[in-house]
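The values are calculated or read from the model by the stated rules, or taken from the named source; none is laboratory data. Everything quoted here is computed from the prediction, not taken from an experiment. Quick reminder, even Gly has a Cβ in these numbers, built from the backbone with ideal geometry, and neighbours come from all protein chains shown.
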Amino acid sequence: MAYFWTIVVLVAALAVAWRFLGSYMAAVFDGRVHWLGWLERPLYRALGTGPDHEQTWKRYAGALLVFSAVSVFATYLVLRLQGSLPLNPQHLGAVSPALAWNTAVSFVTNTNWQNYGGETTLSYLSQMTLVVQQFVTPAVGIAVAIALVRGLSRRSSQTVGNFWVDVTRCLLYILLPIAFVAGLVLVGQGAVQTLAGPATIHDPLNGVTQVIARGPIAFMEAIKQLGTNGGGFLNANAATTFENPTGFTNLLLIFLLLVIPFSLTYTFGKMIGSRRQGAAVLAVMAIIFGTWVGFTSYAEHQANPAVAAAGLAHQPTGNMEGKEVRFGDTSSALFNVASTQTSTGSVNSSADSFTPMGGFGMLTGMMLGEVSPGGDGSGLYTILLFAIIAVFIGGLMIGRTPEYLGKKIQAREVKLAGLGVLVMPIAVLVLTGLAVSLQAGRAGPANVGPHGFTEILYAITSQGNNNGSAFAGLNGNTAFYNVIGGIDMLIGRFAIMVPVLALAGALAAKAVVPESLGTFRTDKPMFVGLTIGAILIVGGLTFFPAVSLGPIVEQLSHGRFF
């Protein structure tokens, strides 16, 4: 019953935010919000740009790539020089070159994959440097999504906006205010926020001394969820009370990671002048998300086969291995599915301890391209790629040139959409094949057989989708996994963003075709079903053989499928 009311409250809160936050974000990117103009205008002067200096898609993409490259270098530099920099109460030394590379790329690509324990590896300054990226990278993703929306809404235009303006507005008017309020709530609920250094406690009864890590945790937790980042201050992530102290904060964290991706569908509808179109995209996201939450929660509410084999057949609380008692089995499944259906990757329980089909739910949610609802910005622009593929298929079925929102979808647009959709599966499958073929890759998993294979597949899939969650059974802090992981994350981020921006430029230059009797309506259930079908078919055809060797084989080895 508690889980039922959790779902009801979450859906109600997201519904309200969808309408009002979605409308507010449209106003922000349309330039109708100016309450921080006193801060916004000097930033434009410093950057030598402004809202009147719009860019072509090539200039937009160039600015994005240069900005990201500088961010990787600056973050890498801080990590390598950590031992000589301030705000280092534990006197931690420099991060190794391979790990610094992986971590810098991870946070700049909005992945937040962590091959380290934050409290034992990074100083406060290093952690706060990563927090800067946790603000900036979701803003970049949202900016790319808005550029694509402009491409769909503009007519015969050579520009798609201004990268610097879009990122600045997103930071000032959306991410910073919401994260600040959420951070205050988390502190009020008991999350830790301090620069005082770790606490040392000595127990005179047994002579044991314990060092308890502390730090500026609460406000990092807020943007970690809101920005669909996922990288936590502590190694235990949202399972620890220092980051996620109560049942209320657990619900708040789930809400934060879902609110912007879902609300962007309203922003999309508002900016193109048709809220029904935004609702259709929302329906696609909600149907897939609800389905995955349902069967993953059901799987985790079943008995743990290993515990049953040990003689405890009756397990009324479901699979509680690796889970917090204060959250329970189904709420833990909801948290982890929400995290992997977005690009967040944070967890409040051990993914490695999920049942085979529970792990299947988290893994396949990423394999579908993280479009339900996906990360901040990345979910919207990826699902719009699938929408273009869906209308292309619909056009083939009725024998006419496909259109989407009045724009003819021709060879160039279909090629760009196909490239954006297929880049991730190709990178993930090739790198997974490389990892299982080399001794350096096979040395990583803590388990053998299908579960060990799933640990490798999950890690490569998580990084390729810029998710960042881990199965926890893989030793990723090796030169091999740090290097290929960094490559995987770069491909998963920028090899999709650039085609998306090229598509935005191509669509913006097109004129609008008047609607006719033969036009395929993209605000109807038929379009919703066709888009869901395109997502499931692409994900199934590319990943089913790999998934069959992992969680499906493991589940069948228990003598039953569910």
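Scanning region 60-84 for residues that are of a type in the set (Lys, Arg) and under 17 Å from residue 168 (Cα atoms) returns no hits.
Can we say residue 98 is surrounded by fewer than 24 Cβ atoms within 10 Å (Cβ to Cβ), under 21 Å from residue 459 (Cα atoms) and not assigned by TED's automatic domain parsing to the domain that holds residue 494? Here the answer is yes, as residue 98 does meet what is asked.
For residues in region 130-181 being surrounded by fewer than 24 Cβ atoms within 10 Å (Cβ to Cβ) and among the hydroxyl-bearing types (Ser, Thr, Tyr), which is farthest from residue 213 (Cα to Cα)? Out of the qualifying residues, it is 156. Pick from region 210-252 the residues that are in a loop (DSSP other than H, G, I, E, B) and free of Cβ contacts under 8 Å to residues at least 40 places away in the same chain: which of them is farthest from residue 113 (Cα to Cα)? Restricting to residues being in a loop (DSSP other than H, G, I, E, B) and free of Cβ contacts under 8 Å to residues at least 40 places away in the same chain, the top hit is 214. Answer yes if at least one residue in region 369-386 is touching a strand residue (DSSP E or B) at 6+ places or on another chain (Cβ under 8 Å), crowded, with 18+ Cβ neighbours inside 10 Å and touching a residue at least 60 places away in the same chain (Cβ under 8 Å), and no otherwise. Looking through region 369-386, none of the residues is touching a strand residue (DSSP E or B) at 6+ places or on another chain (Cβ under 8 Å), crowded, with 18+ Cβ neighbours inside 10 Å and touching a residue at least 60 places away in the same chain (Cβ under 8 Å).
For residue 297, state whether it is touching a residue at least 12 places away in the same chain (Cβ under 8 Å), in contact with a Phe, Trp or Tyr (Cβ under 8 Å, 6 or more places away or on another chain) and in the same structural domain as residue 28 (by TED's automatic domain parsing). Considered against the rule, which asks whether it is touching a residue at least 12 places away in the same chain (Cβ under 8 Å), in contact with a Phe, Trp or Tyr (Cβ under 8 Å, 6 or more places away or on another chain) and in the same structural domain as residue 28 (by TED's automatic domain parsing), residue 297 comes out as no.
Remark: residue 441 falls outside the filter, which requires a residue to be out of contact with any helix residue (DSSP H, G or I) (no Cβ under 6 Å at 6 or more places or on another chain), touching a residue at least 24 places away in the same chain (Cβ under 8 Å) and either assigned to a helix (DSSP H, G or I) or acidic (Asp, Glu) (or both).
Any residue at all in region 471-480 that's crowded, with 22+ Cβ neighbours inside 10 Å and either in a helix (DSSP H, G or I) or without any contact (Cβ under 8 Å) to a residue 24 or more places away in the chain (or both)? No, the conditions are met nowhere in region 471-480.
So that you can scan it fast, the table gives a plain yes or no per residue for (1) outside any helix (DSSP H, G or I); (2) in contact with an Asp or Glu (Cβ under 8 Å, 6 or more places away or on another chain):
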position	(1), (2)
120	no, no
129	no, no
135	no, no
147	no, yes
158	yes, no
165	no, no
177	no, no
188	no, no
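Just to be sure, is residue 303 among the hydrophobic types (A, V, I, L, M, F, W, C), in the same structural domain as residue 342 (by TED's automatic domain parsing), farther than 30 Å from residue 160 by Cα and buried (at least 18 other Cβ atoms within 10 Å of the Cβ)? Against the criterion (among the hydrophobic types (A, V, I, L, M, F, W, C), in the same structural domain as residue 342 (by TED's automatic domain parsing), farther than 30 Å from residue 160 by Cα and buried (at least 18 other Cβ atoms within 10 Å of the Cβ)), residue 303 does not qualify. When 448, 436, 428 are screened for being assigned by TED's automatic domain parsing to the domain that holds residue 357 and closer than 27 Å to residue 145 by Cα, only 428 passes. Residue 448 meets the conditions (1) in contact with a helix residue (DSSP H, G or I) (Cβ under 9 Å, 6 or more places away or on another chain); (2) without any contact (Cβ under 8 Å) to a residue 24 or more places away in the chain in every case but one. The failed one is (1). Cβ-Cβ contacts under 6 Å between residues 6 or more apart (or on different chains), taken from a first residue in region 340-366 that is closer than 14 Å to residue 319 by Cβ to a second residue that is of a type in the set (Ser, Thr, Tyr) and crowded, with 24+ Cβ neighbours inside 10 Å, are listed as 349/332; 358/296; 361/296; 362/340.
For region 260-271, enumerate the residues that are surrounded by 24 or more Cβ atoms within 10 Å (Cβ to Cβ) and not hydroxyl-bearing (Ser, Thr, Tyr). Selection gives 260, 261, 262, 264, 268.
Do we have residue 295 as surrounded by fewer than 19 Cβ atoms within 10 Å (Cβ to Cβ) and of a type outside the set (A, V, I, L, M) here? The answer is yes for residue 295. Taking region 1-48 as the range and being under 24 Å from residue 145 (Cα atoms) and outside any helix (DSSP H, G or I) as the test, the residues that pass are 30, 31, 32, 33, 34, 35, 36, 48.
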